[in-house]
Amino acid sequence: MTSSGQPKNADILIHDAMVLTMDEERRFFENGSVAVSGDEILDVGPAEELEGNYQARRTIDGRNKILMPGLVNVHTHAPMNIYRGAADDLPLREWLYDHIFPLEAAFSSKLENLKAGLRLAIAEMLLSGTTMFKDMYFFTDELAAVVAETGMRAMLSEAVFDNATPSNGGGDKTLDYIDATIRNWQQHPLVRQGVAAHAAYTVSPELIVKAKDLARKHDTMFSIHLSENQWEVDTIRAMYGVTPVKHLENLGVLDRQTLAIHCVILSDEDIAILANTHTGVAHSPQCNMKLANGAAPVPDLLKKGVHVGVGTDGVASNNDLDMFDEIRSMSLLHKLTSNSTTVLNAREAIEMATITGAKAIGYDDRIGSLEKGKKADMIMLNLDKPHSKPFYNVYSSLVYSLRSSDVETVIVNGEVLVDQRQLQRMDLSAVYEDIERVAQEISAFQRRKQAR
């Protein structure tokens with residue numbers, strides 16, 4: 001109420017929902033409400049307290065639904081949606097060098113192809129409850145406009161290689177491109193730019209340092225694929241005499257604004273280094289399983305206080321962007337490999353997909369929990385389904401029972417982007433038409449390659 005006893009104005013009031021805040025106390029309101037004004041959360045609390053205090057332009061009925069923070073996908077290659085299913089059931093090195101790199105050389109240099117893949121990825125993510133993704137790919141300046149038009153929240157990071165990439169000449173030319181791109185998007189409310197070195201086996205030590213220096217210059221995130229499998233660890237040991245993690249520590253690029261992607265093969269010393277440097281980690285369990293890279297020591301990382309977020313990786317190696325599917329696989333995988341039913345419990349899994357993931361990429365001051373003053377990024381799931389009954393525990397239901405198809409409403413930055421499972425800004429038929437065009441070209445390319 002205002003001082004005059006009149007209700008305060010809000011743009012959106014979601015009422016009578018089961019509200020999972022993921023705030024510091026992990027408050028859960030069995031009958032709660034959230035008020036939104038503009039792009040921010042105005043208030044969160046019990047429904048009986050909020051509903052008399054606010055009058056809203058739009059009210060959304062949350063009965064028999066869970067309202068929670070939007071999911072944070074900390075590692076994707078979203079434009080690679082054009083390669084879904086194009087190269088499967090292969091070891092990482094063969095998959096990358098014999099299939100993905102040749103496909104990218106042929107098709108990722110065409111911006112329209114990548115725009116088609118990115119739009120498809122964003123549609124898939126929104127409909128499955130993801131409201132923020134951190135991406136590593138090419139043409140990030142041009143593709144940022146596609147993200148902005150969809151209303152999605154993202155950090156895009158141009159991939160740095162020693163060699164030329166589809167978008168530029170590689171090396172210092174890539175860094176010049178990134179420098180300009182960061183400046184172009186630094187004031188945008190939804191889209192930010194980071195810096196990414198692909199991996200220690202594709203980027204020289206000198207260039208890795210330069211890339212991190214550029215990230216520090218702009219106070220933005222630096223990310224790199226790290227210790228993804230045994231082949232990478234053996235390769236870096238042969239080149240530099242140390243593990244990949246130790247190699248990056250020696251280069252001075254590990255800190256709280258660095259995201260280490262995968263971290264599957266880690267020694268105890270590696271884990272200690274990541275913890276001591278406050279480096280965030282992106283965990284992609286389904287990709288790691290599919291490429292037979294192994295199970296990352298996530299329970300050990302969490303015990304040491306490392307902020308580990310969940311990332312789907314790209315669909316060329318997953319093959320989807322479904323975070324609910326990812327966190328369920330993650331929890332089951334680590335119970336199996338640890339031979340313990342209590343390892344990586346449901347609450348920890350949801351934390352990793354929301355607030356901890358936000359911490360890993362430096363976004364926890366804005367998103368990852370439903371709190372006053374934070375950005376209004378939230379999703380609502382419908383519990384009126386056979387597989388959701390009966391309901392006892394919110395974390396258990398979200399991880400082990402519910403599905404991404406139960407996501408009914410998605411709000412990003414205060415705007416409803418998915419309403420009753422319908423995308424509000426995107427035309428799926430047009431997205432599918434563009435993807436089919438690219439897919440036909442890729443199929444023809446593969447047939448020609450096989451015929452040689």
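Hey, which of the strands (runs of 3 or more DSSP E) in region 218-323, taking only ones fully inside, have at least 3 residues that are over 27 Å from D162 (Cβ atoms)? So the answer is 308-310. Determine whether region 332-346 contains at least one residue that is among the polar types (S, T, N, Q), touching a helix residue (DSSP H, G or I) at 6+ places or on another chain (Cβ under 7 Å) and over 20 Å from H225 (Cβ atoms). Yes: one or more hits.
For K385, are the conditions met, namely being among the basic types (K, R) and more than 23 Å from the chain's Cα centre (by Cα)?
Values: among the basic types (K, R): yes; more than 23 Å from the chain's Cα centre (by Cα): yes.
Yes, satisfied.
Within region 145-171, the set of residues being modelled with pLDDT under 95 and not polar (S, T, N, Q) comprises A164, P166, G169, G170, G171. When residues in region 392-447 are screened for being surrounded by 15 or more Cβ atoms within 10 Å (Cβ to Cβ), of a type outside the set (G, A, S) and out of contact with any helix residue (DSSP H, G or I) (no Cβ under 9 Å at 6 or more places or on another chain), 6 of them pass. Looking across region 109-127, the residues that are buried (at least 24 other Cβ atoms within 10 Å of the Cβ) and free of Cβ contacts under 8 Å to residues at least 60 places away in the same chain come down to L114, L118. Among residues of region 171-193 being polar (S, T, N, Q) and either outside any helix (DSSP H, G or I) or not assigned by TED's automatic domain parsing to the domain that holds V160 (or both), the one that is surrounded by the most Cβ atoms within 10 Å (Cβ to Cβ) is Q193.
Selection of region 299-315 for residues being buried (at least 24 other Cβ atoms within 10 Å of the Cβ), farther than 15 Å from M330 by Cα and not β-branched (V, I, T) yields H307, G314.
Of the residues S404, S340, which single one is small (G, A, S) and without any contact (Cβ under 8 Å) to a residue 12 or more places away in the chain?
Of S404, S340, the one residue that is small (G, A, S) and without any contact (Cβ under 8 Å) to a residue 12 or more places away in the chain is S340.
The set of residues in region 328-368 being more than 27 Å from F222 (Cα to Cα) and among the β-branched types (V, I, T) consists of T337, T341, T342, V343. The residues on offer are T76, T140, T150, and the sole one that is within 21 Å of V281 (Cβ to Cβ) and in the same structural domain as F324 (by TED's automatic domain parsing) is T76. If you check T165, T181 for being touching a residue at least 40 places away in the same chain (Cβ under 8 Å), of a type in the set (V, I, T) and farther than 25 Å from I379 by Cβ, only one passes: T181.
Of note, I379 does not satisfy the criterion of being of a type outside the set (G, A, S), assigned to a strand (DSSP E or B), farther than 17 Å from D322 by Cβ and touching a strand residue (DSSP E or B) at 6+ places or on another chain (Cβ under 8 Å). Within region 425-437, is there a residue that is in a helix (DSSP H, G or I), in contact (Cβ under 8 Å) with a residue 12 or more places away in the chain and farther than 30 Å from D377 by Cα? Yes; the residues of region 425-437 include at least one that is in a helix (DSSP H, G or I), in contact (Cβ under 8 Å) with a residue 12 or more places away in the chain and farther than 30 Å from D377 by Cα. Among the residues of region 273-298, the one identified as more than 20 Å from D325 (Cβ to Cβ), under 20 Å from the mean Cα position of the chain (by Cα) and surrounded by fewer than 18 Cβ atoms within 10 Å (Cβ to Cβ) is H278.
Residue-level check: of (1) out of contact with any Lys or Arg (no Cβ under 9 Å at 6 or more places or on another chain); (2) surrounded by fewer than 24 Cβ atoms within 10 Å (Cβ to Cβ); (3) closer than 25 Å to I100 by Cβ, L332 misses just (3).
Residue-wise test of (1) among the β-branched types (V, I, T); (2) within 30 Å of K8 (Cβ to Cβ); (3) buried (at least 24 other Cβ atoms within 10 Å of the Cβ).
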residue: Y83; (1), (2), (3): no, no, yes
residue: A86; (1), (2), (3): no, no, no
residue: G129; (1), (2), (3): no, yes, yes
residue: D141; (1), (2), (3): no, no, no
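Residues in region 130-149 that are in contact (Cβ under 8 Å) with a residue 60 or more places away in the chain, touching an Asp or Glu at 6+ places or on another chain (Cβ under 8 Å) and not hydrophobic (A, V, I, L, M, F, W, C): T131, Y137.
Here L226, L259 are screened, and the one residue that is without any contact (Cβ under 8 Å) to a residue 40 or more places away in the chain, surrounded by 15 or more Cβ atoms within 10 Å (Cβ to Cβ) and of a type in the set (A, V, I, L, M, F, W, C) is L226. Can you tell me which of V410, V399, V343 is assigned to a helix (DSSP H, G or I) and either on the phi > 0 side of the Ramachandran plot or at pLDDT 95 or above (or both)? That would be V399, the only listed residue that is assigned to a helix (DSSP H, G or I) and either on the phi > 0 side of the Ramachandran plot or at pLDDT 95 or above (or both). Residues in region 40-82 that are of a type in the set (S, T, Y), at pLDDT 95 or above and either more than 19 Å from the chain's Cα centre (by Cα) or more than 23 Å from I361 (Cα to Cα) (or both): T59 only. The criterion of at least 2 residues that are of a type in the set (S, T, N, Q) and under 28 Å from A144 (Cβ atoms) is met by the following strands (runs of 3 or more DSSP E) wholly inside region 1-119: 71-76.
The values are calculated or read from the model by the stated rules, or taken from the named source; none is laboratory data. Just so you know, these numbers come straight off a predicted model, no measurement behind them. In this analysis, Cβ positions are derived from the backbone assuming ideal geometry, glycine residues included, and neighbour counts consider all displayed protein chains.
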